[in-house]
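Shown next, in structure tokens, is the structure this report addresses.
The values are calculated or read from the model by the stated rules, or taken from the named source; none is laboratory data. This structure is a prediction, so every number in the text was calculated from the model and none was measured. Positions of Cβ are backbone-derived with ideal geometry, glycine not excepted, and every protein chain shown enters the neighbour counts. Side chains included, ligands, DNA and RNA excluded: accessible areas come from the protein's heavy atoms. Shrake-Rupley method; radii C 1.70, N 1.55, O 1.52, S 1.80 Å.
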Amino acid sequence: VQLQAFGGGLVQAGGSLRLSCAASGRTFSTYAMGWFRQAPGKEREFVGAIRWLNGGSTEYADTAKGRFTLSRDIAKNRLYLQMNSLKPEDTAIYYCAASRTTWSSSISSYDSWGQGTQVTVSS
């Protein structure tokens, strides 16, 4: 599966952004998709994940709960991350990822990765 993330940008604290991830290739083999982020000088961390089929259930990191929402459009092979009430600490490169086998917050569970999109939140 090939992934391309886009939709990042510069936003003021308290604002919103919606990230998108376009999937192509063997998307029928996808079990789950997720968003991760990496801030300068920090390790990549889990943001949220969604089961691609089977009802699209979701899981979120504590830092994302109540502010971020994952959704997907199976017909368009698109994954979305709606981010509201953004904070300066949300500034990072956001990556989408796909897993063929599991629904997990672990980086090692994901087989395919997009190139990332920069999100910058100003105070």
Residue among 23, 61 that alone is small (Gly, Ala, Ser) and out of contact with any Leu (no Cβ under 8 Å at 6 or more places or on another chain): 61
The stretch 86-119 - residue that is in contact with a strand residue (DSSP E or B) (Cβ under 6 Å, 6 or more places away or on another chain) and among the β-branched types (Val, Ile, Thr) and, of those, most open to solvent (accessible area, probe 1.4 Å): 93
Looking at (1) touching a strand residue (DSSP E or B) at 6+ places or on another chain (Cβ under 6 Å); (2) within 18 Å of residue 2 (Cα to Cα), find the lone condition where residue 48 falls short. (2)
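Going through 48, 41, 34, 66 one at a time, which residue ends up being in contact (Cβ under 8 Å) with a residue 60 or more places away in the chain and not in a helix (DSSP H, G or I)? Can you show your working first?
Values: 48 fails: in contact (Cβ under 8 Å) with a residue 60 or more places away in the chain; 41 fails: in contact (Cβ under 8 Å) with a residue 60 or more places away in the chain; 66 fails: in contact (Cβ under 8 Å) with a residue 60 or more places away in the chain.
After applying the criteria, what remains is 34.
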Search the stretch 69-85 for residues being part of a strand (DSSP E or B) and free of Cβ contacts under 8 Å to residues at least 24 places away in the same chain, and hand back the single one that is most open to solvent (accessible area, probe 1.4 Å). 69
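Assess whether residue 15 counts as being part of a loop (DSSP other than H, G, I, E, B), open to solvent by less than 40 Å² (accessible area, probe 1.4 Å) and out of contact with any strand residue (DSSP E or B) (no Cβ under 7 Å at 6 or more places or on another chain). Talk me through it step by step, then tell me what you get.
Values: part of a loop (DSSP other than H, G, I, E, B): yes; open to solvent by less than 40 Å² (accessible area, probe 1.4 Å): yes; out of contact with any strand residue (DSSP E or B) (no Cβ under 7 Å at 6 or more places or on another chain): yes.
Answer is yes for this residue.
Per-residue answers, yes or no, for (1) closer than 18 Å to residue 120 by Cβ; (2) out of contact with any Asp or Glu (no Cβ under 9 Å at 6 or more places or on another chain); (3) of a type outside the set (D, E, K, R):
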| residue | (1), (2), (3) |
| --- | --- |
| 2 | no, yes, yes |
| 52 | no, yes, yes |
| 55 | no, yes, yes |
| 65 | no, yes, no |
| 73 | no, yes, no |
| 80 | no, no, yes |
| 95 | yes, yes, yes |
What number of residues within the stretch 86-106 are of a type in the set (S, T, N, Q) and not in a loop (DSSP other than H, G, I, E, B)? 1
Evaluate the following for residue 61: is it of a type in the set (A, V, I, L, M, F, W, C), surrounded by fewer than 21 Cβ atoms within 10 Å (Cβ to Cβ) and over 15 Å from residue 91 (Cβ atoms)? yes
Do you know which of the residues in the stretch 1-47 that are among the basic types (Lys, Arg) and modelled with pLDDT of 95 or more is farthest from residue 96 (Cα to Cα)? 42
